[in-house]
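The values are calculated or read from the model by the stated rules, or taken from the named source; none is laboratory data. Values in this document were obtained by computation on a predicted structure and should not be read as measured data. Note that each Cβ is placed from the backbone with ideal geometry, even for glycine, and that neighbours are counted across all protein chains shown. The protein model used for the area step is the full one, side chains on, heavy atoms only, and it has no ligands, DNA or RNA in it. Shrake-Rupley method; radii C 1.70, N 1.55, O 1.52, S 1.80 Å.
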Amino acid sequence: MASGMNAPLYTIEILRLAGSLPEAAAIERTDGRSEQRSPKCGSSVLTEVQVDGGRVVALSQSVRACAFGQASAALVARNAVGRDRSEIADALTALTAWLEGARDDPGGWGLDALAPGRSRKSRHGAILLPFRALLAAVDEAVV
């Protein structure tokens, strides 16, 4: 694997993903809401979810983050609908372990696109933030 510090920080795939992040939009009903901030990099994500039957049916995200945080949020936006709390928690656990080098793949959700950020610990907070915000919003919704 040749993804060292000489590899480009923002690949075309990361920039495409970041650019595909949908604008925050009103959802029919907000069942859960969470604002998360990374103290390391200053990124922040506000996530609102609508949940029915324990599954996310709609979400809105307001993201202020680097391209890695935006790309991660775009993957959350593409994959969260239809997921329940345990699937979201599993995705966060797998992503965290992958970033820390404790597992070889990031799990599903297309997260392998974020591989260039894996060797840059300073970006891990931004990458994890959309997942943490989603999980916290779902936790609030399914209480």
Could you tell me what percent of the accessible area of the chain is made up of carbon and sulfur, with a 1.4 Å probe and every protein chain present?
-> 48
Once both label points are put 7 Å beyond Cα along the C-beta direction, the residue 25-residue 78 separation in nm becomes 1.7
Regarding the chain, what whole-number volume in Å³ per residue does the convex hull of its Cα atoms give?
-> 94
Contour minus Cα-Cα span, residue 121 to residue 52, at 0.36 nm per residue, comes to 21.3 nm
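Ranked highest first by average number of other Cβ atoms within 10 Å, how do 78-90, 108-120, 126-138 line up? Kindly include the intermediate steps, with their values, before the conclusion.
Values: 78-90: 16.4, 108-120: 18.4, 126-138: 25.5.
Packing proxy ranking, top to bottom: 126-138, 108-120, 78-90.
Send over a whole-number figure in Å² for the accessible area per residue of the stretch 48-143, probe 1.4 Å. Before the final figure, lay out each step's value.
Numbers: 3800 Å² over 96 residues.
That works out to 40 Å² per residue.
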